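J.: Below you will find the structure I want to go over with you.
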Ligand code: 8YV
């Protein structure tokens, strides 16, 4: 196999970097910190690997030799899909290996918002626990409540399993087409039911958005969406921040219509210091840690390296994203 040029644009675990260096000429340059080195390596790069940086038309225009982009993420909203498709450049990603970890993160947000975990832990930390906890600090049960899921792919189904089988929660999900549970998720047969968006919003005590970012999901959770949610319900976002109109979310919280919100993703990341979502008393914000465990990030990096090595060897990578499916 001919040695080709690889540009690594986000740090890899040393042993995974070594796998690439054993087979190819590798440049490591994170554009956020080493822009000049990144730009200098682009014109001769055959393969890119990394995440959290927009690989848009401008970047692709300066990479004429590029054959494959291997993203260390399941989400592909950082990539110019139509341009990649038009240029015949392969896009690989890392689905599957992070499903359970992201589902755990979403459940942590569900529990933290409903039981006010962060707020009450801070009460203890700040020495304000001076007498038995009274009603003003009570939370609301999670078990037995109705969970509404927007997006019912692998991660959505992992969340549904936790809810239905672990917490006795009736699950409602909304997707463009009902899922054949018997074939795709037999464990959820009898536990998860498809609903129209309006019915799901009206029925659910928790609404969890696990949506990829696309033209059809951008700003989907707007004022009308929140108004159609049940009074006192909790909103969780574990997908992409830009699927939510954050001003509408704040208004729904401030009006008291929504009880709370748990957010792992934001329209702008890192969340700007002046964002009211950062300090809102009924918002539990997290710094996009959905997949951020040692085990899962390592598995994502290993799969991304597998994908890249296979593509550069002319073999079919394990996880190719269909850039024609716009
Ligand atoms: C990534 C994610 O870590 O996989 C995704 O789509 O959102 C996270 O798991 C993140 O994209 C990396 O920046």
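Taken together, the values in this text are just the output of simple stated rules run on the coordinates, not laboratory data. On a predicted model such as this, the values are computed, not experimentally measured, just so you know. Cβ sites come from the backbone with ideal geometry, for glycine too, and all protein chains shown count toward neighbours.
J.: Fewest first, what order do 138, 167, 107 take by the number of other Cβ atoms within 10 Å?
T.: Working: 138 10, 167 17, 107 22.
The fewest-first ordering by Cβ neighbours comes to 138, 167, 107.
J.: Another question, if that's okay. Based on the Kirkwood radius over alpha-carbon pairs, what is the Stokes-Einstein translational diffusion coefficient of the range 86-129 at 20 °C with 1.002 mPa s viscosity, in µm²/s? Don't skip to the end; give the middle numbers.
T.: Values: Rh = 13.7 Å.
The diffusion coefficient I find is 157 µm²/s.
J.: With bins 10 Å wide starting at 0, give me the P(r) of the range 131-183 over every alpha carbon pair, in whole percents.
T.: Spelled out bin by bin, the range 131-183 gives 22, 42, 19, 11, 5, 1 percent.
J.: Please compute the modelled spin-label separation between residue 137 and residue 194, points set 7 Å along Cα→Cβ, answer in nm with one decimal.
T.: Taking the two extended label points, one gets 4.6 nm.
J.: How far is it, in nm, from the label point at residue 223 to the one at residue 86 when both lie 7 Å from their Cα along the line to the Cβ?
T.: 3.7 nm
J.: With contacts defined as alpha carbon pairs under 8 Å and 6 or more residues apart, what's the relative contact order of the chain in percent? The partial results should precede the final answer.
T.: Working: 597 pairs, mean separation 61.4, N = 326.
Once normalised by length, the contact order is 19 percent.
J.: Another question, then. Going by C-beta contacts inside 10 Å, put 11, 83, 246, 126 in order with the fewest on the left.
T.: On the way: 11 13, 83 17, 246 21, 126 8.
Neighbour counts put them in this order, fewest first: 126, 11, 83, 246.
J.: Taking square-rooted eigenvalues a ≥ b ≥ c of the alpha carbon gyration tensor, is the range 5-90 rounded, prolate or oblate, where a/c under 1.5 means rounded and, failing that, a/b exceeding b/c means prolate?
T.: Numbers: a/c = 1.45, a/b = 1.37, b/c = 1.05.
Cα axes put the range 5-90 in the rounded bin.
J.: If I build a Gaussian network model for the chain, linking alpha-carbon pairs within less than 10 angstrom, which residue out of 278, 297, 240 has the largest mean-square fluctuation?
T.: Among 278, 297, 240, the largest mean-square fluctuation in the Gaussian network model of the chain belongs to 278.
J.: If you find the alpha carbon centre of the range 4-50 and of the range 85-99, how far apart are they in angstrom?
T.: The range 4-50 and the range 85-99 have Cα centres spaced 17 Å from each other.
J.: If you take all C-alpha pairs in the range 196-326, what percent of them are over 24 Å apart? Walk me through the numbers on the way to the answer.
T.: Numbers: 3473 of 8515 pairs.
In whole percent, the share of Cα-Cα pairs in the range 196-326 beyond 24 Å is 41.
J.: Calculate the radius of gyration of the Cα atoms of the range 166-257 to one decimal place, then report Dmax, the largest Cα-Cα distance, as a whole number, both in Å.
T.: Considering the range 166-257 through its Cα atoms, Rg and Dmax are 13.9, 43 Å.
J.: How many angstrom separate the Cα center of the range 186-209 from the Cα center of the range 213-288?
T.: Comparing the Cα centres of the range 186-209 and the range 213-288, I get a distance of 19 Å.
J.: Between 148, 166, 241, which gets the highest mean-square fluctuation from a Gaussian network model of the chain, Cα cutoff 10 Å?
T.: 166
J.: Hey, another quick one. Determine the calculated [θ] at 222 nm for the chain from helices alone, applying -39500 (n - 2.57) to every DSSP H run no shorter than 4 residues and normalising by the residue count; nearest 500 deg cm²/dmol. Show your work: numbers first, answer last.
T.: On the way: 13 runs with 111 residues, N = 326.
Per the formula, -9500 deg cm²/dmol.
J.: List the pair-distance distribution P(r) of the chain, using every Cα-Cα distance, as the percent of pairs falling in each 20 Å bin from 0 up to the bin containing the longest distance, rounded to whole percents.
T.: All Cα pairs, binned at 20 Å, distribute as 30, 52, 18, 1 percent.
J.: Turning to a different aspect of this structure: Output the relative contact order of the range 221-266, whole-number percent, from Cα pairs under 8 angstrom with separation of 6+ residues. Let's see the in-between values first.
T.: On the way: 64 pairs, mean separation 24.5, N = 46.
Rounded, it is 53 percent for the range 221-266.
J.: Kirkwood Rh, the range 96-173, all Cα pairs: how many Å? Working shown, then result.
T.: Details: mean 1/r = 0.0717 Å⁻¹.
Final number for the Kirkwood radius of the range 96-173 is 13.9 Å.
J.: Next question, about the same structure. Based on the Cβ-Cβ distance from residue 254 to residue 2, what FRET efficiency comes out when R0 is 51 Å, to the nearest 0.05? Present the calculation step by step, with values, prior to reporting the outcome.
T.: Details: r = 60 Å, r/R0 = 1.18.
For residue 254 and residue 2, the calculated efficiency is 0.25.
J.: Right, next: Would you mind calculating the relative contact order of the range 74-201 from Cα pairs under 8 angstrom and at least 6 residues apart, reporting the percent as a whole number?
T.: With pairs under 8 Å counted, the relative contact order is 20 percent.
J.: Now for a different question. Using the number of other C-beta atoms within 10 angstrom as an exposure proxy, rank 70, 196 with the fewest first. Please list the in-between numbers first.
T.: Numbers: 70 30, 196 10.
With the fewest neighbours first, 70, 196 line up as 196, 70.
J.: Multiply the residue separation of residue 325 and residue 57 by 0.36 nm, subtract the distance between their alpha-carbon atoms, and state the gained length in nm to one decimal.
T.: Values: separation 268, 0.36 × 268 = 96.48 nm, distance 1.81 nm.
Extra length available between residue 325 and residue 57 comes to 94.7 nm.
J.: Taking N as the number of residues in the range 25-172, what value does Rg over Cα atoms divided by 2.2 N^0.38 Å take?
T.: This ratio for the range 25-172 stands at 1.53.
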